[in-house]
Amino acid sequence: MSRPRGTIRTVADETGLDQATVRRALAASNMTEQECEADFAKAVETVRAVADSDKVLGHNASGRGEGGGNSSAYADARAQTELYRAEKFRLQNEKLAGRLIDRQDVTDTGIRILADVRTAFLSLGLRIADRLIGKTDAREIARAIEAEARIVLGELANDEKFFEALDIEALT
């Protein structure tokens, strides 16, 4: 059951499939040579209906066939998987280069910093109690509390100490 070489090639060009796929599809549909030549549109429609687009696109993606121009769920899933794999490798490389920090490490460091702030403010009373003994002037007491609060906030705002602690806790 041979078909004219020109007809197969023309159907292949029209469908975007390779000639071997066109031959298999026509053979599977039991289309005769005369039917293929007589009704070209039907031959193209038959080939598109019979050809397994997932296999054709799979061969196209691997470079073993001409493939179809239409998309399939298999080809889309495969492309999505490759995108996820590339993103995973990118993130791994960023982490190895030290440009990404684990979320849990950052959370733990933030919790520790907040605990330090809380402890520092709760210690204000003990830090200035001796200086306030016997004082009755509200302004003088307020200035002493404010001065001590500024000292505490200054210590907490020290960038060098903060980043040193961050390096020790989160980045190592």
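Here are some notes:
- Per-residue ³J(HN,Hα) for the stretch 91-105, Karplus 6.51 cos²θ - 1.76 cosθ + 1.60, θ = phi - 60°, Hz, x for Gly and Pro: 5, 4, 5, 4, 5, 5, 7, x, 8, 10, 10, 4, 4, 5, 4
- The gain in end-to-end length when the Asn30 to Ala49 segment is fully stretched comes to 5.5 nm, 0.36 nm per residue minus the alpha carbon separation.
- Segment Val106..Gln80, full-extension length gain: 6.3 nm, with 0.36 nm per residue of separation and the alpha-carbon distance subtracted.
- Packing here is the average count of other Cβ atoms within 10 Å per residue, and on that basis the peptides 102-109, 12-19, highest first, run 12-19, 102-109.
- Treating r as the C-beta distance of Leu96 and Ala149 and R0 as 45 Å, the FRET efficiency rounds to 0.60.
- Alpha carbon centroid spacing (whole Å) that separates the stretch 116-172 from the stretch 74-110: 40 Å
Just so you know, all these numbers are worked out from the coordinates, no wet-lab data involved. All of these numbers come straight from a predicted model, not from anything done at the bench. Ideal geometry is used to build each Cβ from the backbone, glycine not excepted, and the neighbour counts take in all protein chains shown.
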